[in-house]
Amino acid sequence: MVLELDRMQKRFGGVVALRRGDLRVAAGEVHLLLGENGAGKSTLMKIVAGMIEPDAGAMRWKSSPARFRSPAEAQRAGVAMVHQESLLAPHLTVAENLWLGREMTARGGFLRRGTMREAAQRLIEEHRFPLQAGWRVERLSPAQRQMVEICRAIAHDASLLIFDEPTSSLPDSETREVFRIVRGLKERGVAVVYITHRMEELRVLGNRATVLRDGETVFTGPMAEVTNDDLVRLMVGREIAAESRPARAPGSVRLRVENLSRGGVLRDICFEARAGEIVGIAGLVGAGRTELCRALFGVDAVDAGHVEVDGEVVRLRSPREAVRAGIALAPEDRQKCGLATSRPVGDNLLLASLEGVCRWGFVDRKRAAAPVHTLIQRMRLKAESPAQIAGQLSGGNQQKAVIGKWVARGAKVYLFDEPTRGIDIGAKEEVFGLMDELAREGAAVVMVSSEMAELVRMADRILVMRQGRIAAELPRGAAQEEILRFAALENA
């Protein structure tokens with residue numbers, strides 16, 4: 001065994017993050033670490049990576065007792081961690097990021113930039129990364145930045161690599177690249193701990209799995225011994241019924257989009273969304289799905305076409321005008337674009353409806369207390385209090401806070417761009433429940449998702465986008481194969 005953890009415990013103030021964390025990872029295996037957000041997965045891995053110290057428990061590294069008191073100490077021992085959020089220096093090149101903290105220097109302390117670049121390029125080519133050593137990180141796409149994170153971890157010649165949701169923000173093509181890299185590491189005898197919420201990844205990669213729930217290890221064993229349904233039950237402690245939402249007769253047209261075009265990215269987009277209806281939008285990466293959401297929310301100006309809300313033409317020159325028209329957006333990147341992560345939960349819930357709780361330009365905290373409390377209950381939002389910082393919430397609770405902000409505003413049209421990205425199975429069900437609840441109350445819901453199974457389950461109709469156009473409109477219950485055919489094939 002490369003790594004053995006027994007009875008690891010960690011408390012943060014009054015919050016117990018780990019009650020009993022047990023884990024065994026062998027050389028040359030991909031070990032899946034599963035659990036809902038808040039189950040203790042990241043805490044356990046941060047202990048291994050030397051980022052935090054446990055309160056109790058024993059750790060053995062390559063059969064010897066160990067405890068890493070800093071990331072540098074863990075790194076020297078052979079532990080590397082690829083984080084979900086980028087920790088790169090954006091102003092530096094790929095090569096400079098790879099050797100950051102381990103720079104190659106000449107006499108006098110001068111950097112050997114050429115040597116560093118050549119070594120980085122050899123590593124990139126050896127593992128067939130779609131990168132160049134001299135590229136500046138700030139100009140890279142999110143997918144490419146994730147590749148740099150992985151490359152940097154490999155550059156440290158680690159015995160154990162920890163992947164924390166490495167594919168949560170990657171399209172399918174880059175996801176396959178990550179899988180190829182992970183398999184290559186396994187073949188070289190490297191131990192891999194792989195954290196994921198994407199159930200479709202489990203059978204592709206994993207040898208064994210460990211499941212955490214409420215800070216405690218509740219299962220460890222070979223993947224062959226458990227079904228995906230078993231794993232879900234272990235993670236959430238209850239049955240999850242993935243049934244399609246009931247069909248309902250839609251109401252009047254709430255959103256009408258006519259001939260919307262923007263610079264070749266969107267081309268003559270026409271569709272309607274009715275009260276009580278969830279309209280799904282499918283498509284491959286680059287099809288224009290996110291760009292459509294941004295245009296409808298007034299983030300990006302359009303060249304032609306118009307939008308109506310409840311029969312009235314609205315001008316969407318800014319998000320402010322979209323909000324006034326009754327349009328809400330839950331963006332793909334909720335941390336950067338949907339929340340003020342450094343502000344309290346209560347403040348975030350009121351961001352879109354401040355005029356209702358302000359007096360003379362200042363927030364009346366007494367007046368704000370009641371609606372905040374009501375929203376927290378309605379959204380089933382798990383927070384220590386309204387004063388808890390939003391960035392400290394789990395991904396699922398952050399998403400519920402984003403939705404709650406628009407519920408407080410009383411939006412008529414909700415645009416959900418990848419609403420379940422990076423959240424766990426239990427939280428997904430809660431988000432689906434909230435979306436259905438909004439539709440039942442008369443809102444029109446537009447749902448963009450890369451997960452075709454989610455669209456088939458939730459949508460009353462599915463619009464398939466390809467190259468900035470709507471290539472097809474499919475009825476409720478359409479087969480995933482049919483969706484993919486229209487999304488991928490020019491002459492479908």
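The values are calculated or read from the model by the stated rules, or taken from the named source; none is laboratory data. Worth saying up front: this structure is predicted, and the values here are computed from it rather than measured. Every residue, glycine as well, gets a Cβ built from its backbone with ideal geometry; the counts of neighbours run over all protein chains shown.
Among the residues of this structure, Gly264 counts as one that is within 14 Å of Gly468 (Cα to Cα) and surrounded by fewer than 17 Cβ atoms within 10 Å (Cβ to Cβ).
In the set Ser141, Ser70, which member is surrounded by fewer than 13 Cβ atoms within 10 Å (Cβ to Cβ) and in contact with a Gly (Cβ under 7 Å, 6 or more places away or on another chain)? Steps first, answer last, please.
Numbers: Ser141 fails: in contact with a Gly (Cβ under 7 Å, 6 or more places away or on another chain).
Result of the check over Ser141, Ser70: Ser70.
For the structure I just gave you, tell me whether Glu149 is charged (D, E, K, R) and under 19 Å from Arg76 (Cα atoms). It is true that Glu149 is charged (D, E, K, R) and under 19 Å from Arg76 (Cα atoms).
Within segment 252-259, does at least one residue satisfy the condition of being buried (at least 18 other Cβ atoms within 10 Å of the Cβ), in a loop (DSSP other than H, G, I, E, B) and modelled with pLDDT of 90 or more? Looking through segment 252-259, none of the residues is buried (at least 18 other Cβ atoms within 10 Å of the Cβ), in a loop (DSSP other than H, G, I, E, B) and modelled with pLDDT of 90 or more. Just a yes or no: is a residue in segment 411-432 touching a Pro at 6+ places or on another chain (Cβ under 9 Å), outside the structural domain of Leu212 (by TED's automatic domain parsing), among the small types (Gly, Ala, Ser) and over 29 Å from Leu255 (Cα atoms)? There is no residue in segment 411-432 that is touching a Pro at 6+ places or on another chain (Cβ under 9 Å), outside the structural domain of Leu212 (by TED's automatic domain parsing), among the small types (Gly, Ala, Ser) and over 29 Å from Leu255 (Cα atoms).
State all residues of segment 1-16 that are within 30 Å of Gln399 (Cβ to Cβ) and surrounded by 21 or more Cβ atoms within 10 Å (Cβ to Cβ); if no residue qualifies, say none. Residues satisfying the conditions are Met8, Lys10.
Identify the residue in segment 351-372 that is in contact with a helix residue (DSSP H, G or I) (Cβ under 6 Å, 6 or more places away or on another chain) and under 18 Å from Trp406 (Cβ atoms) and, among all such residues, is surrounded by the fewest Cβ atoms within 10 Å (Cβ to Cβ). Among those residues, the one meeting the criterion is Leu351. Can you pull out the residues in segment 277-304 that are over 27 Å from the mean Cα position of the chain (by Cα) and buried (at least 17 other Cβ atoms within 10 Å of the Cβ)? Val302, the sole residue that qualifies.
Scan segment 220-234 and tell me whether some residue there is touching a Ser or Thr at 6+ places or on another chain (Cβ under 8 Å) and modelled with pLDDT of 85 or more.
Checking segment 220-234: at least one residue is touching a Ser or Thr at 6+ places or on another chain (Cβ under 8 Å) and modelled with pLDDT of 85 or more.
Please go through segment 21-33 and give me each residue that is assigned to a strand (DSSP E or B) and either touching a Cys at 6+ places or on another chain (Cβ under 6 Å) or more than 16 Å from Ile52 (Cα to Cα) (or both), ordered by number. Spell out the reasoning first.
Taking segment 21-33 and keeping what is assigned to a strand (DSSP E or B), we get 21-25, 30-33.
Result: Asp22, Leu23, Arg24, Val25, Val30, His31, Leu32, Leu33.
Residues that are of a type outside the set (Lys, Arg) and either loosely packed, with under 12 Cβ neighbours inside 10 Å or farther than 23 Å from Phe179 by Cβ (or both) within segment 98-114 comprise Trp99, Leu100, Gly101, Glu103, Met104, Thr105, Ala106, Gly108, Gly109, Phe110, Leu111, Gly114, listed in sequence order.
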